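Okay, so here's the structure we're looking at.
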Amino acid sequence: MVEHTCLVLNQSYEPLNVCLARRALGMIFSGKAEMLENGSGFIHTSSTVFPIPSVIKLAYLVKRPFPQPKLTRVEIFSRDHYTCQYCGKASNQLTLDHVMPRHQGGRHTWENLVSACSPCNRKKAGRTPEQAHMKLNQKPVRPSGSNYLNIPLQLVQLHYHWQKYLPEITH
Ligand SMILES: [Zn+2]
């Protein structure tokens, strides 16, 4: 049997994670989840045919399913999709930039930290974006639970059934 993957939604329709379809089937049979989408075909056994779930919804609400992401360089880079927030270039050699520089009272928070390539970081130096005449591509925010869901885009693209449940990934 091909290892189909299945998107798991909380009872509130919030995306939680991805599991193997066989595990999803087990959860449906035991009443822990219901199938929302059958996008992966059918399993034929000798006596019956089961649809292979591609999206399931839990029958109960999972509380705080996401560990709060820690404020680290890697988490900031990941939130910014490994792109410089000033020039928009993707890079694996990013630096951390305090939007409001620390010596001007800027804090070490999600809302004041962005990824910057080294040329942009050098250009900005110890100034605010306004002082340096540079513009942030977007306002830095603390990643929320569902934004933070770590599903590879390629996997989402393979499963068009998932896309309506994952607006923040596909739009
Ligand atoms: Zn840059």
The stretch 78-92, subset more than 10 Å from the ligand (Cβ to nearest atom) and part of a loop (DSSP other than H, G, I, E, B), residue modelled with the lowest pLDDT: N92
Given the criterion over 16 Å from the mean Cα position of the chain (by Cα), more than 16 Å from the ligand (Cβ to nearest atom) and not aliphatic (A, V, I, L, M), identify the matching residue among E34, E14, E75. E34
Please go through the stretch 84-98 and give me each residue that is surrounded by 13 or more Cβ atoms within 10 Å (Cβ to Cβ) and in contact (Cβ under 8 Å) with a residue 40 or more places away in the chain, ordered by number. Q85, Y86
If you scan the stretch 30-47, which residues turn out to be part of a loop (DSSP other than H, G, I, E, B) and under 19 Å from Q163 (Cβ atoms)? N38, G39, S40, G41
Counting only residues in the stretch 115-142 that are farther than 22 Å from R79 by Cα and modelled with pLDDT under 95, the one nearest to the ligand (Cβ to nearest atom) is identified as A125
Scanning the stretch 12-31 residue by residue, those exposed (fewer than 13 other Cβ atoms within 10 Å of the Cβ) and of a type in the set (S, T, N, Q) turn out to be S12, S30
Does L166 satisfy being surrounded by 14 or more Cβ atoms within 10 Å (Cβ to Cβ) and either out of contact with any helix residue (DSSP H, G or I) (no Cβ under 7 Å at 6 or more places or on another chain) or modelled with pLDDT under 95 (or both)? yes
Specify the residue that is farthest from the chain's Cα centre (by Cα); the eligible residues are those in the stretch 93-114 that are away from the ligand (no atom under 13 Å from the Cβ), over 14 Å from G126 (Cα atoms) and assigned to a loop (DSSP other than H, G, I, E, B). H108
Return the only residue of R102, R23, R79 being in contact with a Cys (Cβ under 9 Å, 6 or more places away or on another chain) and of a type in the set (K, R). R23
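The values are calculated or read from the model by the stated rules, or taken from the named source; none is laboratory data. Quick caveat, the model's predicted, so the values are computed rather than measured. Please note: Cβ atoms are built from the backbone with ideal geometry, for glycine as well, and neighbour counts cover all protein chains shown.
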